[in-house]
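A.B. asks: Got a structure for you, written out below as structure tokens; questions coming shortly.
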Amino acid sequence: MASHGIKDQVAIIGMGCTNFGEHWDKSVDDMLVDAAHEAYESAGVVQDDIDAFWLGTMASGVSGLTLSKPLQIDYKPVTRLENMCATGSEAFRNACYAVASGAYDTVMAIGVEKLKDSGYSGLTGSAPPSDGTSSTITAPATFSLLAPAYAKKHGLDEDTMKEVLTRIAWKNHKNGALNPRAQFRKEVAKETISGSPLIAGPLGIFDCSGVSDGSAAAIIVRAEDAHKYTDKPLYVKALSFSSGPATGALDSTYDYTTFREVRASAEEAYKQAGIVDPRSEIAMAEVHDCFTPTELVLMEDLGFASEGTGWKEALNGTFDLDGDLPVNPDGGLKSFGHPIGASGLRMLFECWLQLRGEAPPERQIDSDKTLGLTHNLGGQPGACVSFVSVVGSQLG
Amino acid sequence: MRGIIGYGAYVPYYRLDRSKIAAAMGAGGGRGERSVASFDEDTTTMGVEAARNALRNAQVAPTSILFATANPAYLDKTNATAIQAALDLPQETWAVDTGGSARSAEAAMRGARGSEGIAMAILSDLRTGKPTSADESNGGDAAVAFLFGDEDDSPVIARSLGSASATGEFLDRYRQPGDSFSRIWEERFGEQAYLELGNEAIERALKAANVGLEDLDKVIVVGLHTRAVNSLSRVAGDKLVNGLESVVGNTGTAHLGLLLASALDTAAAGEKIMVVHLADGATVQILETTEAINNYNRFKTVESQIAGGNSSLDYNLYLTWRGFLDREPPRRPDPDRPGAPPAFRSQDWKYAFVGSRDRSSGAIHLPPMRVSMSGGSVDDMERIRMADIPATIATFTIDRLAYSLSPPVVAVVIDYDGGGRFQAEMTDVDPAAVEIGGRVEMTFRRLFTAEGIHNYFWKARPLSS
């Protein structure tokens with residue numbers, strides 16, 4: 001009984017990613033067609049070359065038909081799956097395993113979500129019939145629980161905490177301003193961020209990721225076949241997933257300053273990839289910055305900063321585009337919004353660009369390191385699912 | 001000897017300063033304050049709170065519940081069943097509603113007094129009136145619970161010396177089912193009717209009890225007809241018990257119980273108390289306290305609850321809470337209605353706030369779980385009721401986006417004394433006053449109503465001192 005990982009067994013040979021935003025003029029079908037065909041073109045394949053498909057969407061459709069109909073896929077397997085906000089990553093993970101198993105030669109993972117058709121603010125979801133006792137507070141409220149707990153534990157006063165959160169949003173918007181695919185492509189002044197109307201706890205509107213529509217896709221083959229398609233494949237080094245017992249709201253030892261699921265999934269991913277010190281070995285990371293305190297806590301849980309120091313590192317620019325370890329160089333959920341099924345693959349798309357040196361020059365990271373990390377989270381503090389991938393431009 | 005063996009009152013936290021009505025509307029209002037049930041309270045939840053106060057120090061549990069209100073949360077469906085469930089009483093308990101009129105309070109009190117075993121009468125009311133009306137201003141919201149039993153069950157603190165009733169069919173106040181306000185005939189007409197009925201019933205009750213007016217220590221005159229109550233009160237002279245008009249208001253179905261509780265709170269042994277209830281007739285009850293009242297351990301007095309109120313409520317919020325002002329909701333979906341089968345399956349949790357405790361590790365699970373989070377043992381749990389256990393705030397947030405009739409929603413993660421954690425919504429609290437380390441207790445509330453289903457569950461509120 002052991003988890004082995006599939007380091008260097010499969011590779012990404014092509015990717016597609018739509019612009020993220022309020023696509024009043026595009027349907028779910030439109031976005032799937034756009035992302036899929038951009039990925040085909042990127043890999044130099046046609047749809048008939050794909051043996052099987054994994055579609056991640058939380059609520060924009062059910063069953064494989066959600067993909068096979070708009071793409072007119074001819075009687076091939078399409079798996080539709082959902083794993084909360086980590087849905088896109090989960091599609092990718094399962095597609096990779098299908099190739100590693102030898103079952104298929106060429107597969108596609110694709111994620112999509114259309115949030116802007118609901119007419120509501122923030123995320124909405126439909127739950128099965130219940131006894132009516134579950135918490136009904138919103139996502140920003142659940143993640144805002146991190147802020148006072150972190151501040152108290154590590155001795156930050158309210159103003160300093162707000163400054164840390166503000167800088168995280170400022171940094172991600174600054175990166176997003178350089179990204180034509182982002183929903184928000186403008187720098188935002190720190191005073192605007194910190195002075196924005198409060199949504200939940202200390203979180204203002206600018207501490208929350210946006211709500212957008214989007215789709216992203218990846219084509220995956222066995223590593224040994226990758227060079228038939230591209231000179232610069234992206235090898236999968238690690239895929240980990242952690243689904244917790246959801247006891248944060250039951251267990252008094254949980255202090256709302258960490259995600260235990262993230263720690264478990266990071267540890268597993270580093271083991272698979274052979275990473276000892278992520279801070280020094282990784283070139284860049286795309287993390288799940290759904291709300292600013294999430295990114296702060298993730299820096300510690302992913303091992304980018306030691307416990308209690310993430311806030312200092314955030315303030316001194318460690319995770320800036322030109323910092324020691326750039327985090328969310330594409331602008332993150334903050335700039336892209338969070339079309340749930342698409343986000344995990346959108347993160348991989350930035351690794352695809354950066355590690356192959358194909359990001360626009362103004363945001364291309366200058367690094368001799370070859371590894372990128374994506375982290376995707378679903379749920380809430382104390383009850384979540386967490387995904388970590390490590391991808392790299394070199395074998396070994 | 002059978003009589004009252006315990007009681008508890010519940011006056012909700014909020015007060016409306018009546019001057020705010022005139023300030024907003026240019027009419028109505030008056031002096032003093034009225035009590036106001038919060039947006040998440042109804043007559044059922046207030047009944048639960050009163051019953052919890054009555055039972056908190058009791059050594060016995062009721063075998064029947066008689067619930068009276070003129071403002072029932074449900075029709076067709078019994079409301080007393082939710083109270084029985086919230087009190088974690090066994091299914092052998094007989095729980096029934098009486099209701100529709102303020103007079104139904106008498107049915108609950110007399111029924112409980114005449115029942116076998118330990119019977120609890122719960123009187124609850126939430127009084128509304130059209131904006132600027134006298135009913136709006138003079139009304140109040142409250143609940144009260146009285147436990148009746150035999151000396152063998154528990155010491156009787158007050159027993160009946162005698163009673164008399166009179167019934168009159170005349171139009172005084174009336175309301176169509178579904179209306180949120182009453183209509184009232186010209187006051188002077190009702191006054192005449194009530195005075196005649198009241199005087200006659202008092203005379204017969206005194207005779208039945210074999211006492212004279214001069215023997216009485218306290219007199220309670222109560223009814224929704226203010227003018228008749230004031231006129232008849234003159235017979236009491238300085239023995240009249242304060243009607244709480246200026247601090248609570250007239251709580252309708254609950255008021256006779258609320259004033260009796262208030263009188264018992266300060267009563268010495270051997271006091272004779274006459275209660276006159278004017279409601280579609282007159283019913284007079286003469287009680288005498290016993291020696292046992294000297295040792296009676298009250299959980300929360302009426303006076304302490306009046307003193308603990310919050311008068312900062314604005315009139316526009318009051319109107320919103322009562323449904324008279326339909327405000328713009330957040331751009332969020334309405335909450336889902338609870339499902340009947342899931343609610344039935346989890347009624348120990350949902351209504352009684354009973355979790356599960358792992359017999360081997362002692363870990364407390366809220367909501368109850370079959371598999372232990374500590375050690376993983378399966379189906380080795382015992383039930384543990386957490387409703388009366390205080391807790392401490394571990395962390396919290398103010399949710400300005402979530403659906404609520406009265407935003408923002410305050411959410412707290414709380415750790416119970418002796419173990420157990422839960423993420424609760426907090427109520428009866430100023431969001432600015434919430435802090436880590438703050439102390440809270442649980443209260444039974446109506447979270448929301450969706451598709452005609454009231455979603456009852458527990459919230460946290462600041463621990464009362």
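The values are calculated or read from the model by the stated rules, or taken from the named source; none is laboratory data. A quick note: this is a predicted structure, and the numbers were derived from the prediction, not measured. FYI the Cβ positions are ideal-geometry reconstructions off the backbone, even for glycines, and counts take in every protein chain you see.
A.B. asks: Looking at residue B:78, is it among the β-branched types (Val, Ile, Thr) and part of a loop (DSSP other than H, G, I, E, B)?
C.D. replies: Values: among the β-branched types (Val, Ile, Thr): yes; part of a loop (DSSP other than H, G, I, E, B): yes.
Considered against the rule, which asks whether it is among the β-branched types (Val, Ile, Thr) and part of a loop (DSSP other than H, G, I, E, B), residue B:78 comes out as yes.
A.B. asks: Scan region B:411-428 and give yes if some residue there is within 9 Å of chain A (Cβ to nearest Cβ), modelled with pLDDT of 95 or more, in contact with a helix residue (DSSP H, G or I) (Cβ under 8 Å, 6 or more places away or on another chain) and crowded, with 21+ Cβ neighbours inside 10 Å, otherwise no.
C.D. replies: Yes: region B:411-428 contains one or more residues that are within 9 Å of chain A (Cβ to nearest Cβ), modelled with pLDDT of 95 or more, in contact with a helix residue (DSSP H, G or I) (Cβ under 8 Å, 6 or more places away or on another chain) and crowded, with 21+ Cβ neighbours inside 10 Å.
A.B. asks: Another question, then. Is it fair to say residue B:399 is facing another protein chain (nearest Cβ under 9 Å) and not β-branched (Val, Ile, Thr)? It would help to see each step written out before you state the result.
C.D. replies: Numbers: facing another protein chain (nearest Cβ under 9 Å): yes; not β-branched (Val, Ile, Thr): yes.
For residue B:399, the condition - facing another protein chain (nearest Cβ under 9 Å) and not β-branched (Val, Ile, Thr) - is met.
A.B. asks: Does residue B:278 fit the bill of being touching a His at 6+ places or on another chain (Cβ under 9 Å) and in contact (Cβ under 8 Å) with a residue 24 or more places away in the chain? Steps first, please.
C.D. replies: Details: touching a His at 6+ places or on another chain (Cβ under 9 Å): yes; in contact (Cβ under 8 Å) with a residue 24 or more places away in the chain: yes.
It is true that residue B:278 is touching a His at 6+ places or on another chain (Cβ under 9 Å) and in contact (Cβ under 8 Å) with a residue 24 or more places away in the chain.
A.B. asks: Quick one: residue B:440 ticks every box in (1) farther than 25 Å from residue A:291 by Cβ; (2) at the interface with chain A (Cβ under 9 Å from one of its Cβ atoms) bar one, so which box is it?
C.D. replies: (2)
A.B. asks: Okay, moving on. Go through (1) at pLDDT 95 or above; (2) under 20 Å from residue A:248 (Cβ atoms); (3) touching a Phe, Trp or Tyr at 6+ places or on another chain (Cβ under 7 Å) one by one and return the number of the condition residue B:362 breaks.
C.D. replies: Single failed check for residue B:362: (3).
A.B. asks: Right, another one. Which of the residues belonging to region B:337-350 are under 21 Å from residue A:127 (Cα atoms) and either more than 7 Å from chain A (Cβ to nearest Cβ) or outside any loop (DSSP other than H, G, I, E, B) (or both)?
C.D. replies: From region B:337-350, those under 21 Å from residue A:127 (Cα atoms) are B:337-347, B:349-350; that's our starting set.
Residues satisfying the conditions are B:337, B:340, B:341, B:342, B:343, B:344, B:345, B:347, B:349, B:350.
A.B. asks: Which of the following residues is in a helix (DSSP H, G or I) and touching a Ser or Thr at 6+ places or on another chain (Cβ under 6 Å): B:258, B:232, B:264?
C.D. replies: Working: B:232 fails: touching a Ser or Thr at 6+ places or on another chain (Cβ under 6 Å); B:264 fails: touching a Ser or Thr at 6+ places or on another chain (Cβ under 6 Å).
It is B:258.
A.B. asks: Suppose we filter region A:290-304 for residues that are closer than 14 Å to residue A:318 by Cα, assigned to a helix (DSSP H, G or I) and free of Cβ contacts under 8 Å to residues at least 60 places away in the same chain; how many remain?
C.D. replies: Selection size over region A:290-304: 2.
A.B. asks: For the subset of region A:194-239 comprising residues that are surrounded by 21 or more Cβ atoms within 10 Å (Cβ to Cβ) and of a type in the set (Phe, Trp, Tyr), which member is nearest to residue A:162 (Cα to Cα)?
C.D. replies: Among those that are surrounded by 21 or more Cβ atoms within 10 Å (Cβ to Cβ) and of a type in the set (Phe, Trp, Tyr), it is A:206.
A.B. asks: While we're on this one: Where in region B:1-50 are there strands (runs of 3 or more DSSP E), lying wholly inside it, with at least 2 residues that are touching a residue at least 12 places away in the same chain (Cβ under 8 Å) and either farther than 30 Å from residue B:149 by Cβ or among the polar types (S, T, N, Q) (or both)? Show your work before the answer.
C.D. replies: Details: elements: B:2-10, B:14-17, B:33-36.
So the answer is B:14-17, B:33-36.
A.B. asks: Are there any pairs, at least 6 apart or on different chains, whose C-beta atoms fall under 7 Å, with the first in region A:189-201 and within 14 Å of chain B (Cβ to nearest Cβ) and the second small (Gly, Ala, Ser) and not in a helix (DSSP H, G or I), and if so, which?
C.D. replies: Note: pairs meeting the criteria are A:196/A:204; A:197/A:204; A:198/A:204.
A.B. asks: Here are some residues: A:265, A:242, A:252, A:280. Which one is in contact with a strand residue (DSSP E or B) (Cβ under 8 Å, 6 or more places away or on another chain), surrounded by fewer than 23 Cβ atoms within 10 Å (Cβ to Cβ), outside any strand (DSSP E or B) and among the polar types (S, T, N, Q)? Give the derivation first.
C.D. replies: Details: A:265 fails: surrounded by fewer than 23 Cβ atoms within 10 Å (Cβ to Cβ); A:242 fails: outside any strand (DSSP E or B); A:280 fails: in contact with a strand residue (DSSP E or B) (Cβ under 8 Å, 6 or more places away or on another chain).
Sole residue among the options that is in contact with a strand residue (DSSP E or B) (Cβ under 8 Å, 6 or more places away or on another chain), surrounded by fewer than 23 Cβ atoms within 10 Å (Cβ to Cβ), outside any strand (DSSP E or B) and among the polar types (S, T, N, Q): A:252.
A.B. asks: Out of B:371, B:354, I need the residue that is within 11 Å of chain A (Cβ to nearest Cβ) and β-branched (Val, Ile, Thr). Which one?
C.D. replies: Values: B:354 fails: within 11 Å of chain A (Cβ to nearest Cβ).
Sole residue among the options that is within 11 Å of chain A (Cβ to nearest Cβ) and β-branched (Val, Ile, Thr): B:371.
A.B. asks: Same structure again: Listed residues B:406, B:360, B:377; which is within 30 Å of residue B:325 (Cβ to Cβ), surrounded by fewer than 17 Cβ atoms within 10 Å (Cβ to Cβ) and more than 8 Å from every other protein chain (Cβ to nearest Cβ)? Steps first, answer last, please.
C.D. replies: Working: B:360 fails: within 30 Å of residue B:325 (Cβ to Cβ); B:377 fails: within 30 Å of residue B:325 (Cβ to Cβ).
None of the other options fit; the residue is B:406.
A.B. asks: Report yes if some residue within region A:121-138 is more than 7 Å from chain B (Cβ to nearest Cβ), crowded, with 19+ Cβ neighbours inside 10 Å and outside any loop (DSSP other than H, G, I, E, B); otherwise report no. Talk me through it step by step, then tell me what you get.
C.D. replies: The initial filter retains those residues of region A:121-138 that are more than 7 Å from chain B (Cβ to nearest Cβ), namely A:123, A:125-126, A:128, A:134.
Filter again for crowded, with 19+ Cβ neighbours inside 10 Å, leaving A:123.
Subsequent filtering for residues that are outside any loop (DSSP other than H, G, I, E, B) retains none.
No.
A.B. asks: Something else: Scan region B:281-296 and give yes if some residue there is under 25 Å from residue B:83 (Cα atoms), within 20 Å of the chain's Cα centre (by Cα) and in the same structural domain as residue B:48 (by TED's automatic domain parsing), otherwise no. Spell out the reasoning first.
C.D. replies: Of the residues in region B:281-296, the ones under 25 Å from residue B:83 (Cα atoms) are B:296.
Still in the list and also within 20 Å of the chain's Cα centre (by Cα): none.
Looking for residues that are under 25 Å from residue B:83 (Cα atoms), within 20 Å of the chain's Cα centre (by Cα) and in the same structural domain as residue B:48 (by TED's automatic domain parsing), one finds none in region B:281-296, hence no.
A.B. asks: Okay, moving on. Can you tell me which residues in region B:222-257 are in contact (Cβ under 8 Å) with a residue 60 or more places away in the chain, under 14 Å from residue B:277 (Cα atoms) and surrounded by 24 or more Cβ atoms within 10 Å (Cβ to Cβ)?
C.D. replies: Filtering region B:222-257 for residues in contact (Cβ under 8 Å) with a residue 60 or more places away in the chain gives B:223-224, B:226, B:244-257.
With the extra rule that they be under 14 Å from residue B:277 (Cα atoms), the set shrinks to B:223-224, B:226, B:250-257.
Result: B:223, B:224, B:250, B:251, B:252, B:253, B:254, B:255, B:256, B:257.
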